[in-house]
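The next block holds one structure in the form of structure tokens; read it before the comments.
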Amino acid sequence: MKCLLFCLCQAELKKEAVPLQDDSDLEKKRREADALLQSMGITPDAPVGESQPSHVHSNPMRTDGCFSFRWLNNVGVVPSYDMCVCVCVCVCPPRRGPLKLAMVKVTHVDFPPKEVVSYTKETQTPTVTEQKEGKTVAPPHELTEEEKLQILHSEEFMEFFDHSTRIMERALSEHVDVFFDYSGRDMEEKEGEMQAGTKLSLNRKFVDDHWSRQRVVTCLDWSPQYPELLVASYNNNEEAPHEPDGVALVWNMKYKKTTPEYVFHCQSAVMSAVFAKFHPNLVVGGTYSGQIVLWDNRSNRRTPVQRTPLSAAAHTHPVYCVNVVGTQNAHNLISISTDGKMCSWSLDMLSQPQDSMELVFKQSKSVAVTSMSFPLGDVNNFVVGSEDGSVYTACRHGSRAGISEMFEGHHGPITGIHCHTAAGPVDFSHLFLTASFDWTVKLWSTKSNKPLYSFEDNSDYVYDVMWSPVHPALFACVDGLGRVDLWNLNNDTEVPTASMSVEGSPALNRLRWSQSGREIAVGDSEGQIHIYDVGEQIAVPRNDEWTRFVRTLAEINENRDDAEELAAQRLAA
């Protein structure tokens, strides 16, 4: 950068003459300097201060009656980005007077350099200085053995642990087929099996090595509120005398876990168990000692929350039959023991029965009841099977309360009895089935005291029988050889429609249809529960099944009449 120093001085005229050529050259340069200053916006005659700048040349050129100027390089005096223009006008006083400053103008112009911004990680993210170490945290308090035991046995910990483990078991037992092919190749491979019509297939098996192994399954029941829950009661384990004699386990079909959802037990073998209808959290059990016990899954206790007394007012013999009948606002627990005593209870108070009666036939013969069933929608009339092989109809109320009629036909104790429950356009509630030690299943009607038909395809004790809840002509039975049979009477009455044998051939003691009629739960003598899926082609009824079953029953009645007539002719001969 350059600093222009223009000094204008006026001095007295010298004696010696100045050539004309010098005046013209000086005037020319003065005009050039003025033009330069004007182009920079500087007026030479602006007022100035009194002080003389330090950078004015100490020996300017002087001429008579003219101006003197000089260019000076001032680099190093001002910064590289500054341009300093200094104009000094010195007016020389007369020869006899002192020097006098007339005009000085200084203009200071700054041109800042172009700012170049570069972004780096340090620019965008402030550097976090290393935190100073704080105070040392004291280690947690180490619990003593006594404190640990106190926590483990606290009610809060037990409730938390029981709830958490149940959820974790559900999660860990889930298995999903990630290789499933939605293009249909998997279905093509199974097409042959589907066409073959597999009507019974094993879905899963429930068994617990500690609680159910080596125990006989005595009863099964599906929850009416939660269709995925199944309760099973078990007899005592003779090889574990220190374990509770009675056990009831609640299994969950919804999750693939292998442990029971709830474990309940008591000090007497549980011979029957049902979910309390209208009370989804309650499970009722009938014991070998005669007590009725009540478990509540809301409680952390595995033992009963209520139980009936062992007194003459209640049961003192084994209770094989328990059932909750009625409506939401008016329902009772019905129980019958093997001595023929029937009691009616309120689930809110099991200290004494609301009503009781002795089931005797013709006021002389005591009925040793082994099984019981109520027709669909009926809370007063019911049927029972006995140890002597007879079947009885009875009613709870009215002038004829007690045993009404006796049905004879079996030659061994009745092990299972079940009334028709499939609702449809035709009422078949008068029909019921019985199973017996005489290796047969018999079809009955309350309108006749003789069996309508006898199914004799089994080669061992038939332990249980049950109608399908949705199909009018379909029922299932189980026997001591480990065989499950499905009978569709509209298709055939001579041989089962489908059969399945359990691996190992354990005796099958109990069976129970699910509410949908698509699954069957079967319990055996080794404490195992087998869940079978029933094929759609046999489980789901067609629209004409009810009318077809009417014709089937008519044919059965005709054949029975012909058989009775033929038997009478032979007897007469």
Residue that is nearest to Pro413 (Cα to Cα), among those in the stretch 363-386 that are part of a loop (DSSP other than H, G, I, E, B) and touching a strand residue (DSSP E or B) at 6+ places or on another chain (Cβ under 6 Å) = Ala368
inquiry  = Being within 25 Å of Trp467 (Cβ to Cβ) and in contact with a helix residue (DSSP H, G or I) (Cβ under 8 Å, 6 or more places away or on another chain) narrows it down to one residue among Gly385, Gly424, Gly389; which is it?
reply    = Gly424
ask   = Of all residues in the stretch 409-442, which are surrounded by 24 or more Cβ atoms within 10 Å (Cβ to Cβ) and among the aromatic types (Phe, Trp, Tyr)?
value = Phe432
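Given the criteria farther than 20 Å from Val522 by Cβ, assigned to a strand (DSSP E or B), out of contact with any helix residue (DSSP H, G or I) (no Cβ under 8 Å at 6 or more places or on another chain) and of a type outside the set (Gly, Ala, Ser), does His242 qualify? It would help to see each step written out before you state the result.
Numbers: farther than 20 Å from Val522 by Cβ: yes; assigned to a strand (DSSP E or B): no; out of contact with any helix residue (DSSP H, G or I) (no Cβ under 8 Å at 6 or more places or on another chain): yes; of a type outside the set (Gly, Ala, Ser): yes.
No; evaluated as a whole, the condition is false for this residue.
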message = Consider the stretch 420-456. How many of its residues are over 15 Å from Val550 (Cα atoms), outside any strand (DSSP E or B) and polar (S, T, N, Q)?
response = 3
ask   = Restricting attention to the stretch 389-419, which residues are more than 26 Å from Gly517 (Cβ to Cβ) and not in a loop (DSSP other than H, G, I, E, B)?
value = Tyr392, Thr393, Ala394, Cys395, Gly402, Ile403, Ser404, Glu405, Met406, Phe407
key: Residue in the stretch 384-393 that is in the same structural domain as Ala312 (by TED's automatic domain parsing), surrounded by 15 or more Cβ atoms within 10 Å (Cβ to Cβ) and in contact with a Cys (Cβ under 9 Å, 6 or more places away or on another chain) present   = yes
Residue among Gly517, Gly480, Gly523, Gly504 that alone is among the small types (Gly, Ala, Ser) and more than 26 Å from Val274 (Cβ to Cβ) = Gly504
inquiry  = I need a count of the residues in the stretch 216-236 that are touching a Pro at 6+ places or on another chain (Cβ under 9 Å) and not in a strand (DSSP E or B).
reply    = 5
request  = Might you check whether a residue that is at negative phi, among the hydrophobic types (A, V, I, L, M, F, W, C), crowded, with 21+ Cβ neighbours inside 10 Å and at pLDDT below 95 occurs anywhere in the stretch 502-523?
outcome  = yes
ask   = With respect to the numbered conditions (1) free of Cβ contacts under 8 Å to residues at least 24 places away in the same chain; (2) over 28 Å from Ser404 (Cα atoms), which one is the sole condition not fulfilled by Gln328?
value = (1)
query = Scanning the stretch 331-349 for residues that are without any contact (Cβ under 8 Å) to a residue 40 or more places away in the chain and not in a strand (DSSP E or B), which turns out surrounded by the most Cβ atoms within 10 Å (Cβ to Cβ)?
reply = Gly340
Of all residues in the stretch 258-300 being in contact with a Pro (Cβ under 7 Å, 6 or more places away or on another chain) and part of a strand (DSSP E or B), the one that is farthest from Thr165 (Cα to Cα) = Met271
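Given the criterion of a type in the set (Val, Ile, Thr), in contact with a Phe, Trp or Tyr (Cβ under 6 Å, 6 or more places away or on another chain) and either at pLDDT 60 or above or over 30 Å from Leu37 (Cβ atoms) (or both), identify the matching residue among Ile151, Ile167.
Numbers: Ile167 fails: in contact with a Phe, Trp or Tyr (Cβ under 6 Å, 6 or more places away or on another chain).
Unique residue meeting the criteria: Ile151.
Outside any strand (DSSP E or B) and under 29 Å from the mean Cα position of the chain (by Cα): which single residue out of Pro469, Pro541 fits that description?
Numbers: Pro541 fails: under 29 Å from the mean Cα position of the chain (by Cα).
Sole residue among the options that is outside any strand (DSSP E or B) and under 29 Å from the mean Cα position of the chain (by Cα): Pro469.
The values are calculated or read from the model by the stated rules, or taken from the named source; none is laboratory data. Quantities reported herein were computed from a predicted structural model and do not represent experimental measurements. Cβ coordinates were reconstructed from backbone atoms using ideal geometry, including for glycine residues, and neighbour counts include every protein chain displayed.
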